[in-house]
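Asks: Here's a structure for you.
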Amino acid sequence: MDLLHSSGVSSTYYLQTHFSHNQKYFLSVSMATDLRNTFFLLFPIWFHVRQADAIKLVWVAVVGDWVNLMLKWLLFGERPYWWVQETDYYGNSSQPMIEQFPMTCETGPGSPSGHAMGTSAVYYTMMSSLLTIALKREEHQVRRWCVRVSLWTLFWFVQVCVCLSRVFVAAHFPHQVITGVVIAGGHRSPLECGESAVLVPPS
């Protein structure tokens, strides 16, 4: 694991060194994709757009956060900023000097990334809802294809930005944010199968 962690620290060092001019952007992405915004911002907006999807959004966020918490205490992953301060991996060679930010000071387990996992699950639900709305009356196949490609490109753009921002602030290693995105894809499916019938009241 030390080799994996050292590679992750190198990734953080590279981002902080070569993209320091984007610091405000990365910090803003991490703050904007905090799961609290799902409850205080996204849910009220979606409730006025599609009530059933708004309820689904909350359940995806709640279940995803619970799964993330359980996995963090089971996997108990390291955090880059703290690992590089405590490890003996570098021996007598100089360790990479990575910068600390206010949101870097998370002392709990780091794997999988809650930001990456939560954003993947929540934004997938939002994109699915937007697709349903956008394609409801659209019969032209080319335009339908363009809408799908546009929305899913936006979805993956957001995921990449979130993952890079968490690595940039030294809150997570790259493998932790990738794990978060992958696990989110796994827990979405069973939730979507049962929640429409059980959790969303009939209209």
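The values are calculated or read from the model by the stated rules, or taken from the named source; none is laboratory data. Note that the structure is predicted; figures quoted are calculated from it, not measured. All Cβ positions, glycine included, derive from the backbone under ideal geometry; neighbour counts span all protein chains shown. Surface areas here come from the heavy atoms of the whole protein model, side chains and all, with no ligands, DNA or RNA. Shrake-Rupley method; radii C 1.70, N 1.55, O 1.52, S 1.80 Å.
Asks: On the basis of being open to solvent by less than 40 Å² (accessible area, probe 1.4 Å), assigned to a helix (DSSP H, G or I) and not hydroxyl-bearing (S, T, Y), does L15 make the cut?
Replies: When the stated conditions are applied, L15 passes them.
Asks: Just one of the numbered conditions (1) part of a helix (DSSP H, G or I); (2) open to solvent by 60 Å² or more (accessible area, probe 1.4 Å) is not true of H175; which one?
Replies: Against the list (1) part of a helix (DSSP H, G or I); (2) open to solvent by 60 Å² or more (accessible area, probe 1.4 Å), H175 comes up short only on (2).
Asks: If I filter region 178-203 down to residues being open to solvent by less than 50 Å² (accessible area, probe 1.4 Å) and at pLDDT below 50, which single residue comes out as nearest to the chain's Cα centre (by Cα)?
Replies: Restricting to residues being open to solvent by less than 50 Å² (accessible area, probe 1.4 Å) and at pLDDT below 50, the top hit is L191.
Asks: For residues that are β-branched (V, I, T) and closer than 24 Å to V182 by Cβ, scanning just region 105-122, find the one that is nearest to the chain's Cα centre (by Cα).
Replies: Step by step, filter region 105-122, then rank; the result is T119.
Asks: On to the next question. Somewhere in region 96-104, is a residue open to solvent by 30 Å² or more (accessible area, probe 1.4 Å), among the aromatic types (F, W, Y) and either touching a residue at least 24 places away in the same chain (Cβ under 8 Å) or closer than 25 Å to F19 by Cα (or both)?
Replies: No: zero hits.
Asks: State which residue pairs qualify: first residue farther than 13 Å from F168 by Cβ and inside region 25-37, second residue open to solvent by 60 Å² or more (accessible area, probe 1.4 Å) in any location, beta carbons under 7 Å apart, and separation of 6 or more residues or different chains.
Replies: These pairs meet every condition: L35/D65.
Asks: Also, I was wondering about something else. Does region 81-90 contain at least one residue that is open to solvent by 70 Å² or more (accessible area, probe 1.4 Å) and either of a type in the set (G, A, S) or over 26 Å from S165 (Cβ atoms) (or both)?
Replies: yes
Asks: Quick check on this structure: which one of Q23, Q51 is surrounded by fewer than 14 Cβ atoms within 10 Å (Cβ to Cβ) and of a type in the set (S, T, N, Q)?
Replies: None of the other options fit; the residue is Q51.
Asks: Kindly evaluate L41 against the criterion of being in a helix (DSSP H, G or I), under 27 Å from V9 (Cβ atoms) and open to solvent by 30 Å² or more (accessible area, probe 1.4 Å).
Replies: no
Asks: If C163 passes every condition in (1) modelled with pLDDT of 90 or more; (2) more than 9 Å from the chain's Cα centre (by Cα); (3) open to solvent by less than 30 Å² (accessible area, probe 1.4 Å) but one, which one does it miss?
Replies: (2)
Asks: May I ask you to list the residues in region 129-143 that are open to solvent by less than 50 Å² (accessible area, probe 1.4 Å) and without any contact (Cβ under 8 Å) to a residue 12 or more places away in the chain?
Replies: E138
Asks: Given the condition out of contact with any Asp or Glu (no Cβ under 8 Å at 6 or more places or on another chain), aromatic (F, W, Y) and over 28 Å from T125 (Cα atoms), answer yes or no: does some residue in region 25-43 qualify?
Replies: Scanning region 25-43 turns up no residue that is out of contact with any Asp or Glu (no Cβ under 8 Å at 6 or more places or on another chain), aromatic (F, W, Y) and over 28 Å from T125 (Cα atoms).
Asks: Mind checking which residues of region 37-90 are among the β-branched types (V, I, T) and at pLDDT below 85?
Replies: Hits for region 37-90 are T38, V49.
Asks: In addition: Working only within region 144-158, note down all residues that are over 24 Å from G118 (Cα atoms) and open to solvent by 90 Å² or more (accessible area, probe 1.4 Å).
Replies: W145 - this is the single residue of region 144-158 that is over 24 Å from G118 (Cα atoms) and open to solvent by 90 Å² or more (accessible area, probe 1.4 Å).
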